[in-house]
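First up is the structure itself, then whatever we jot down about it.
The values are calculated or read from the model by the stated rules, or taken from the named source; none is laboratory data. Computed from a predicted structure; not experimentally measured. Quick reminder, even Gly has a Cβ in these numbers, built from the backbone with ideal geometry, and neighbours come from all protein chains shown.
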């Protein structure tokens, strides 16, 4: 029986999207405050550029979270399998003991 917990990659993906949105909003506010005379198009281009650069620098962090999540799921599956093996062994011992007393 595998680990029964929904896959969390969709949750991680939503959080990554949220982080990009927060970065974009932060840069938009920051750049607008620093240089209020920028036109909308120029502002959008600068915001997009710095959001992209910042996310690229942070991307490995998010991917490490995803990798750690996968490692935990695999370890949970190994532990469940080991416990199932233990249960099977104990059931076999019970059967042998019951048989030996008949």
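In segment 1-24, is there at least one residue being more than 23 Å from the chain's Cα centre (by Cα) and touching a residue at least 24 places away in the same chain (Cβ under 8 Å)? I'd like the intermediate steps shown before the answer.
Pass one, segment 1-24, residues more than 23 Å from the chain's Cα centre (by Cα): none.
Taking every residue of segment 1-24 in turn, none turns out to be more than 23 Å from the chain's Cα centre (by Cα) and touching a residue at least 24 places away in the same chain (Cβ under 8 Å).
Within segment 1-34, the residues that satisfy the criterion of being in contact with a helix residue (DSSP H, G or I) (Cβ under 6 Å, 6 or more places away or on another chain), part of a helix (DSSP H, G or I) and more than 16 Å from residue 65 (Cβ to Cβ) are 23, 24, 27, 28, 31. Scanning segment 40-68 for residues that are closer than 18 Å to residue 11 by Cβ and without any contact (Cβ under 8 Å) to a residue 12 or more places away in the chain yields 59, 61, 63, 64, 67, 68.
For residue 96, are the conditions met, namely being over 26 Å from the mean Cα position of the chain (by Cα), modelled with pLDDT of 90 or more and assigned to a helix (DSSP H, G or I)? So that I can check it myself, show each step before the final result.
On the way: over 26 Å from the mean Cα position of the chain (by Cα): yes; modelled with pLDDT of 90 or more: yes; assigned to a helix (DSSP H, G or I): yes.
The answer is yes for residue 96.
Annotation for segment 69-82: no member residue is farther than 22 Å from residue 7 by Cα, in contact (Cβ under 8 Å) with a residue 24 or more places away in the chain and surrounded by 11 or more Cβ atoms within 10 Å (Cβ to Cβ). Scoring residue 37 on the criteria (1) touching a residue at least 40 places away in the same chain (Cβ under 8 Å); (2) outside any helix (DSSP H, G or I) leaves a single failure, condition (1).
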